[in-house]
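Below: the structure, in structure tokens.
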Amino acid sequence: RRFHLHSTETGLIASSYDVASCLLVLLITYIGGRGHKPLWIGWGVLVIGIGSIVFSLPHFFAPTYLYGEEIHNVCNSTIEQGKCSESSLKKYMYLYFMFKCESYYPRGFFVVGQLLHGAGGTTLFTLGVTYLDENVKQIQSSLYHGGLYVCAVLGPAMGFILGGQFLTIYTNLSESVNISESSSLWVGAWWLGFMGGGVVVVLLSVPILMLPKQLPGTSHVRVGRENEVHGGQRGFPGVRNTWTDVWTSGMVLLRNPTFILVTLAGTMDSALVMGIATFGPKYLESMFAFTPTQASTYFGVLTILAGVTGQLLGGVVVSKARLNVPGILKFCSVCSLIAALSSLMYFHHCPDVKFAGATIPYSGDIIIPSIDHKATCNTQCQCNVDLYDPVCGADGVTYYSPCVAGCTNVFENKKKINVKSLDSCTCIPLNTSSHQVANMGVCGTKSCATQNLFFAMFFISILGTFSAGTPAIQVIMRVVPFTQRSFAIGVKFVILRILGSIPGPILFGRVLDLACVVWSTECGKHGFCQLYKNASLSANMAVLIVVLK
């Protein structure tokens, strides 16, 4: 909203994390796997913190966000469309030589921040996994890995909840404004979590850097671990464990059918999880008419409950049932089947908001107009469609702006405190009100009758997906030689990134954009989506998710 990004662009920014991870993971796992793992992990965590701080910089470098007048875009008003060549979001781009092309700023900072996130996170989720495995007995390994991935679920889930709360704070902390969070002009403090989180993570890197190469008292654990490899494979023939043998080691892994099939299954889940994590709150916001804060909170709570339960369940089942590799694979298959069946709930959708010119025609017209929102009832108005300022008519229909609704007069609503209303709105049918009145904001919708059922099925889908996560890692660790486990995890990450988590958010972003019916505009060009058609959004998401599962 702040920088007018498409969902597809948001997906590209999200995918930048995995681009960096994909480029560096083999180098990190092959060399770092034979070195001092905590040092690699600690420096990686430091890079994550720096990336978060970089991600927040557009807030400080961009001109101060000014929301302007909230409701004076009425029919035949004096508000003119700004000179596009003087756009306030672009005037300052030339100050930064590293982003000479206008379209790269602020996207450039977001991409660089995500690249740093990906580079640093690679060490944590590859070397961190094997560092744990090397310092505990195999029977305990799944529990420790479950604990690690529980934290990996708790972190983002808590981030969604905190981020939702930060969005209730106006983006300019020192400024007091007279608009509410529900206003289309409201921009929350999106940057606060990145800046605060970045500082915290930088501090957390210090104790990690101080960890020893091998935890005290664990020497006996490593003795005999090579004999635990499923199938008795103890090493890669012809591999001398030097960095020049990366290609040979990789080809041996790619000829391991269990490794390949488990990795490809994880690839589909990776695409799904990254896509849902990026756009899940946005989906809830559109489908159930939630505010951004409500959507982020619901999504975060569901993710915590289902994700943490799934990770613990997977680790406990493998550990307590003492499953061998075939048993683990059967468990993962059942979990995936349950998740796939529960994903069918995406085919259901809630009723659309009645939006003139988007989901229904304007009164007196039989067709939906183009992006300029011109209709028979507002031909006399010279409307600036760059100013999205929705109003709710007395007919229960939402209009793009007071001007598009044909409203000519603004007055204080005496029945509702701090609510401004409009009258003489020519697009509102006369039989609904003698004065053709409208109030600021989108019309409210009835709660969706199947909302609780959706949440229940969503919970089961996440539970099934995450229940298979820790056991799948255990399979990888057991079907490759002990000395090659870090590298095997690295190769898996490369495949997951290239085929899963890099295209995943882009695909989901494209799916959302295809369902958009009301776009924000800047100088006549599409910006971010203001309204989705729920039927299309539901069908597009359902097909993509079910196919991936």
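Please give the contour-minus-distance gain from GLU175 to LEU305: 0.36 nm per residue of separation, less the Cα-Cα distance, rounded to one decimal in nm.
Full-extension gain reported as 43.1 nm.
How do the peptides 447-459, 282-294 rank, highest first, by the average count of neighbouring beta carbon atoms within 10 Å per residue?
In descending order of packing, they fall as 282-294, 447-459.
Could you tell me which trypsin sites (Lys or Arg not before Pro) in the stretch 298-342 are loop residues by DSSP with no more than 10 other beta carbons within 10 angstrom of their beta carbon?
ARG322
Just add up the charged neighbours of PHE458: K/R +1, D/E -1, any other residue whose Cβ is under 15 Å from the Cβ of PHE458.
+1
Could you state how much accessible area LYS533 has, in square angstrom rounded to the nearest 10, with a 1.4 Å probe and all protein chains kept in place?
Number for this one is 70 Å².
The values are calculated or read from the model by the stated rules, or taken from the named source; none is laboratory data. Being a predicted model, the structure only gives us computed values, none of them experimental. Heads up, the Cβs are rebuilt from the backbone with ideal geometry, glycines too, and the neighbour counts pull from every protein chain shown. The protein model used for the area step is the full one, side chains on, heavy atoms only, and it has no ligands, DNA or RNA in it. Shrake-Rupley method; radii C 1.70, N 1.55, O 1.52, S 1.80 Å.
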